[in-house]
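Enquirer: Please read through the structure below; I'll follow up with questions.
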Amino acid sequence: VEFVMGPQPNPAWGSAQADAPTSGVSSDIVTPPFLTTSSSTFTDSVEIGLSCTTPGASIFYSLIQAGERPGFQPYSHPFVLRETAAISMYASLGEGGRSKTVKAILSKFVPPGTITLHSSYSPQYTGGGEGALIDGRRGSADFRLGAWQGYEGNDLDAVIDLGARKTVSRVSLGSLQDVNSWIFLPTEVEFSFSDDGVNFGNPVKVSNDVSPKQEGVLLKEFSAPGPSVNTRFVRVRAKNVGVCPPWHKGAGSKAWLFVDEITIVTR
């Protein structure tokens, strides 16, 4: 390596357009296809659309239902799904290559009733909106993926109308703790029941038995099993810790409560 030094900079060195560094993506890379469907759950039926960002790529898919595994077929237009299914799919550009095979699961889910929220969730973490807590979607260890509903400094207060009197044998609430992200499990969850939606009784309280100092991500189900209750309305209240405790790096700041699903088992 030879370095030629001088007392003045050379304005011609590296100044031509051809000297600029280049970057880009190889044209032979084929991106995997994806679902254009807005949700992974549905109640009656859902229209499935597939797309790919690689121009000119053909999409192939296999629809797996009830254990059946048919071969891949070319995708040409949206189709209707009426039962829970898994979809495997890949994109191909002829001799230009093929993408990885990816898989998606779409689940048919019938909500237990309708929900009314008496507390406000954060617009930053909606979980999908007003009906998020009874839509069948469960949150993962990553709270950023959209299935969790977040309450900043607020408690959760929700009432589910089952539509008619039913025998409830179990009700539960899924929650998340990630203290590094200011997210704590509720200190307590209370389940209560009503025939008219106004007067609630037979409360069952479930206290949190997990230390708020526990590191890492933790998913916990607060569940109230026990004697069956014949009722129409179920109220679920989860108590937020309020603010981050004195030992926490965010001491005094509003704490987050994250919940994903209220599950009600009836017969």
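The values are calculated or read from the model by the stated rules, or taken from the named source; none is laboratory data. Bear in mind that the values here come from a model prediction, so they are computed numbers and not experimental data. Glycine also receives a Cβ, built like all others from the backbone with ideal geometry; neighbour counts cover every protein chain displayed. Please note that ligands, DNA and RNA were not included when accessible areas were found on the heavy atoms of the full protein model with its side chains. Shrake-Rupley method; radii C 1.70, N 1.55, O 1.52, S 1.80 Å.
Enquirer: Return the pairs, sorted by first residue and then second, in which the second residue is of a type in the set (V, I, T) and open to solvent by 10 Å² or more (accessible area, probe 1.4 Å), the first residue lies in the stretch 150-162 and is closer than 27 Å to D196 by Cβ, the beta carbons are less than 6 Å apart, and the residues are 6+ apart or on different chains.
Expert: Listed pairs, sorted by first residue: A158/I115; V159/T116; I160/I115; D161/T114.
Enquirer: Let me ask another. Just wondering, is there one or more residues in the stretch 213-233 that are within 23 Å of L145 (Cβ to Cβ) and open to solvent by less than 10 Å² (accessible area, probe 1.4 Å)?
Expert: yes
Enquirer: A follow-up question, please. Can you pull out the residues in the stretch 54-69 that are farther than 27 Å from R137 by Cβ and in a loop (DSSP other than H, G, I, E, B)?
Expert: Within the stretch 54-69, T54, P55, G56, A57 qualify.
Enquirer: Okay, next question. Just the residues that are under 30 Å from R232 (Cβ atoms) and surrounded by fewer than 15 Cβ atoms within 10 Å (Cβ to Cβ), please, taken from the stretch 110-129.
Expert: The answer is V110, T114, T116, H118, S119, S120, T126, G129.
Enquirer: Going through the stretch 222-245 one residue at a time, which ones are outside any strand (DSSP E or B) and without any contact (Cβ under 8 Å) to a residue 60 or more places away in the chain?
Expert: Answer for the stretch 222-245, where residues must be outside any strand (DSSP E or B) and without any contact (Cβ under 8 Å) to a residue 60 or more places away in the chain: P225, G226, P227, V241, P245.
Residue-wise test of (1) under 30 Å from P245 (Cβ atoms); (2) in contact (Cβ under 8 Å) with a residue 60 or more places away in the chain; (3) acidic (D, E).
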position	(1), (2), (3)
L106	no, yes, no
T116	no, no, no
Y121	yes, no, no
Q124	yes, no, no
R144	yes, no, no
W148	yes, yes, no
T167	no, yes, no
S175	yes, yes, no
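Enquirer: A follow-up question, please. Which condition does A104 not pass, out of (1) farther than 30 Å from D161 by Cβ; (2) at pLDDT below 95; (3) of a type in the set (A, V, I, L, M); (4) open to solvent by 30 Å² or more (accessible area, probe 1.4 Å), if it passes all the others?
Expert: Among (1) farther than 30 Å from D161 by Cβ; (2) at pLDDT below 95; (3) of a type in the set (A, V, I, L, M); (4) open to solvent by 30 Å² or more (accessible area, probe 1.4 Å), the lone unmet condition for A104 is (4).
Enquirer: Just need a number here: residues in the stretch 187-203 that are assigned to a loop (DSSP other than H, G, I, E, B) and without any contact (Cβ under 8 Å) to a residue 12 or more places away in the chain.
Expert: 2
Enquirer: Next up: For G216, work out the one condition from (1) more than 27 Å from the chain's Cα centre (by Cα); (2) free of Cβ contacts under 8 Å to residues at least 60 places away in the same chain it doesn't fulfil.
Expert: (1)
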